[in-house]
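J.: One structure follows; several queries about it will come next.
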Amino acid sequence: MKKKIKRLFIANRGEIALRIIKACKGLNIETVIGVSEADRDSLPAKLADQTICIGPAQVDSSYLRAELLITAAKGAKCDAVHPGYGFLAEQASFSRLCAENDLIFVGPNAKSIEVMGDKLRSIRLAKKAGVLTVPSTRAIQSKDRLMEAVKQLGYPCLLKASSGGGGRGMRVVHSEQDLVSAYESAKQEAFTAFGNNTVYLEKYIENAKHIEIQIIADQYGNYAHLYERECSVQRRYQKLIEEAPSSALDNLTRNKMIDAALRVAKKVQYVNVGTVEFIYDLDTQDFYFLEMNTRIQVEHPVTENITGIDIVKEQIKISSGEVLNEKINKICIDGHSIECRINAEDPDNNFIPTPGKITRWIPPSGKNIRLDSHCYEGYSIPPYYDSLMGKLIVHANTREQAINKMLDALNGFVVNGPKTTISLISKILSSDDFKESKITTNWLEKSNLI
Ligand code: ADP
């Protein structure tokens, strides 16, 4: 059903809030942002058409209060809500609440979020769609069952939380000696993070790349893809550097992966933008479905660069009932794009967050250099939220040129005040392994860089 969006409520903060404001400006949509007391003076608060304070700094009292956000959106006469990523973006109940309140949720319906938000259910769905999944067990309810499962899968294996996200509740187990303690701690971490301690066991793929497919689907059953991103540079299962395309894929494998992603999306009758993640085993050249993220991803800009599509604008258009942009089906990959996440963290001190005032901020600029950031000189990074200061993104004809462009840009990026991950990122990009595309998901942890 088509319904023009005139005013959109942003239920998020930081760089993604700014990104949504930019997309809305281009679509002539007014923006209203709900901010916590700690974000009253933030850039998104200044740049949105209207700002509503939704509560104290702590996320439980502000950004996670679904009912309150809905009341604010309705009170400001918005017709749509964009959840960004994180916070309520993958809460099925939030999508449902928006629908019940006659607000367009800029994301998929509650059913898709529910199925894909439960790793065990999403694995079952991928299997039904004929897509290969990593050998895994069902939910493991007891230590006896755990022992049996390990006998089937062997070591190394990976304990995973069924409601997992952000790498929480995950433990690699290399031997029987660590098994029970890893099981207990994975369960505990999963319960603390998600209120659900269901864990299961998966075969751990040691020599692997993380490759994901961006998909997009409208309300009329039209599906398309925007190729892949590679996100193998990770620390504790969290991405640090992303790029598109992946140099690990030949065209045949790329097409197979795209086909698998679309089959998963169709099986759940997905509508909106989404990402189907795969783990690509370099030893066997097989790829396995990992999960589907039912939201805009942090790393979407690299795809925008190589396809020329503004994914956030398309996302909003599809949510308002527009038909999928036909252009998308005809796109060819244009050049190479890399994104680096710049975090306010101290890599020399166990990545401890470094909130506080930015006393000097001279970002790089130039052709094909993009910085998505809410930071500025004089801004104080609040201690309550994630440590992402921004994303530096470059685009060039070749991968080699993109790496050099990024290294130059990072070199000219001056940030005084909080310690950041800039120098670590530069070291990774300068390594022979990165240049030769040899990075695997556990490369950074095995390297001597951290
Ligand atoms: P989360 O939802 O917590 O982000 P994912 O299932 O998406 O968890 O996995 C995050 C990362 O963990 C992957 O990118 C990959 O590096 C690693 N990982 C996940 N499953 C496996 C596996 N079976 N073998 C090896 N690495 C894995």
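The values are calculated or read from the model by the stated rules, or taken from the named source; none is laboratory data. Owing to the predicted nature of the structure, the values given are computational and were not obtained by experimental measurement. For neighbour counting, all protein chains shown are included, and Cβ atoms are generated from backbone atoms with ideal geometry for every residue, glycine included.
J.: On the given criteria, is P363 under 24 Å from L18 (Cα atoms) and in contact with a Cys (Cβ under 9 Å, 6 or more places away or on another chain)?
T.: Values: under 24 Å from L18 (Cα atoms): yes; in contact with a Cys (Cβ under 9 Å, 6 or more places away or on another chain): yes.
Criteria met by P363.
J.: One residue is enough: does segment 31-45 have a residue meeting the conditions buried (at least 23 other Cβ atoms within 10 Å of the Cβ) and closer than 20 Å to K317 by Cβ?
T.: yes
J.: Can you name every residue in segment 316-366 that is among the hydrophobic types (A, V, I, L, M, F, W, C), within 30 Å of A110 (Cβ to Cβ) and loosely packed, with under 15 Cβ neighbours inside 10 Å? So that I can check it myself, show each step before the final result.
T.: We begin by selecting, within segment 316-366, every residue among the hydrophobic types (A, V, I, L, M, F, W, C); these are 316, 318, 323-324, 328, 331-333, 338, 340, 342, 344, 351-352, 358, 361-362.
When the remaining residues are screened for being within 30 Å of A110 (Cβ to Cβ), the result is 316, 318, 323-324, 328.
Once the filter is applied, which keeps residues that are among the hydrophobic types (A, V, I, L, M, F, W, C), within 30 Å of A110 (Cβ to Cβ) and loosely packed, with under 15 Cβ neighbours inside 10 Å, segment 316-366 yields only V323.
J.: If you take the residues in segment 431-450 that are among the hydrophobic types (A, V, I, L, M, F, W, C) and either within 15 Å of the ligand (Cβ to nearest atom) or surrounded by 19 or more Cβ atoms within 10 Å (Cβ to Cβ) (or both), which one is farthest from R236 (Cα to Cα)?
T.: Our first condition is that a residue be among the hydrophobic types (A, V, I, L, M, F, W, C); within segment 431-450, this holds for 434, 439, 443-444, 449-450.
Keeping just the survivors that are either within 15 Å of the ligand (Cβ to nearest atom) or surrounded by 19 or more Cβ atoms within 10 Å (Cβ to Cβ) (or both) gives 434, 439, 443-444.
Details: F434: 18, I439: 15, W443: 11, L444: 9 Å.
Top of the filtered list is F434.
J.: Does segment 284-330 hold any residues that are part of a loop (DSSP other than H, G, I, E, B), farther than 13 Å from A244 by Cβ and more than 16 Å from the ligand (Cβ to nearest atom), and which are they?
T.: Of everything in segment 284-330, those that are part of a loop (DSSP other than H, G, I, E, B), farther than 13 Å from A244 by Cβ and more than 16 Å from the ligand (Cβ to nearest atom) turn out to be D310, S320, G321, E322, V323, L324, N325.
J.: Give the residues of segment 115-165 that are free of Cβ contacts under 8 Å to residues at least 12 places away in the same chain and among the polar types (S, T, N, Q), sorted by residue number.
T.: Q141, S142
J.: Still on this structure, please answer the following. Determine whether segment 175-187 contains at least one residue that is assigned to a loop (DSSP other than H, G, I, E, B), over 24 Å from A89 (Cβ atoms), polar (S, T, N, Q) and within 14 Å of the ligand (Cβ to nearest atom). Spell out how you get there, then give the answer.
T.: If we filter segment 175-187 for residues that are assigned to a loop (DSSP other than H, G, I, E, B), which is where we start, we get 175.
Now drop any that are not over 24 Å from A89 (Cβ atoms), which leaves 175.
Still in the running and polar (S, T, N, Q): 175.
Then drop every residue that is not within 14 Å of the ligand (Cβ to nearest atom), which leaves none.
Scanning segment 175-187 turns up no residue that is assigned to a loop (DSSP other than H, G, I, E, B), over 24 Å from A89 (Cβ atoms), polar (S, T, N, Q) and within 14 Å of the ligand (Cβ to nearest atom).
J.: Another question, if that's okay. From the list K127, K143, which residue is more than 27 Å from the chain's Cα centre (by Cα) and among the charged types (D, E, K, R)? Full working, then the answer.
T.: Values: K127 fails: more than 27 Å from the chain's Cα centre (by Cα).
When all the criteria are applied, what remains is K143.
J.: Enumerate the pairs (first residue in segment 229-255 and more than 16 Å from T303 (Cα to Cα) and within 11 Å of the ligand (Cβ to nearest atom); second residue anywhere and at pLDDT below 95 and basic (K, R)) with beta-carbon separation below 9 Å, excluding pairs fewer than 6 apart on the same chain, so at least 6 apart or on different chains.
T.: Y237/R168
J.: Being in a loop (DSSP other than H, G, I, E, B) and crowded, with 18+ Cβ neighbours inside 10 Å is the filter here; which residues of segment 367-378 pass it?
T.: As a first pass, look at segment 367-378 and keep what is in a loop (DSSP other than H, G, I, E, B): 367-368, 374-378.
Once the filter is applied, which keeps residues that are in a loop (DSSP other than H, G, I, E, B) and crowded, with 18+ Cβ neighbours inside 10 Å, segment 367-378 yields H374, C375.
J.: Also: Out of segment 62-100, which residues are closer than 23 Å to V115 by Cα, of a type in the set (D, E, K, R) and crowded, with 16+ Cβ neighbours inside 10 Å?
T.: Within segment 62-100, R65, E90, R96 meet the criteria.
J.: Moving on. Just to be sure I understand the filter: pairs with C-beta atoms under 6 Å, separated by 6 or more residues or on different chains, first member in segment 270-283 and in a loop (DSSP other than H, G, I, E, B), second member within 11 Å of the ligand (Cβ to nearest atom). Which pairs pass?
T.: Hits for this filter: L282/N207; D283/N207.
J.: Filter segment 271-306 down to residues that are within 25 Å of D334 (Cα to Cα) and among the charged types (D, E, K, R) and give me whichever is surrounded by the most Cβ atoms within 10 Å (Cβ to Cβ).
T.: Checking each candidate, the answer is R295.
J.: Could you list all residues from segment 228-246 that are in contact with a Pro (Cβ under 7 Å, 6 or more places away or on another chain) and within 20 Å of I422 (Cα to Cα)? Steps first, please.
T.: At the first step, the residues of segment 228-246 found to be in contact with a Pro (Cβ under 7 Å, 6 or more places away or on another chain) are 228.
Those that are in contact with a Pro (Cβ under 7 Å, 6 or more places away or on another chain) and within 20 Å of I422 (Cα to Cα): none in segment 228-246.
J.: Considering only residues that are in a loop (DSSP other than H, G, I, E, B) and in contact (Cβ under 8 Å) with a residue 60 or more places away in the chain, which ones fall in segment 335-353? Quick ask: steps written out before the conclusion?
T.: Let us first name the residues in segment 335-353 that are in a loop (DSSP other than H, G, I, E, B), namely 335, 344, 350-351.
Passing the criteria: G335, A344, F351.
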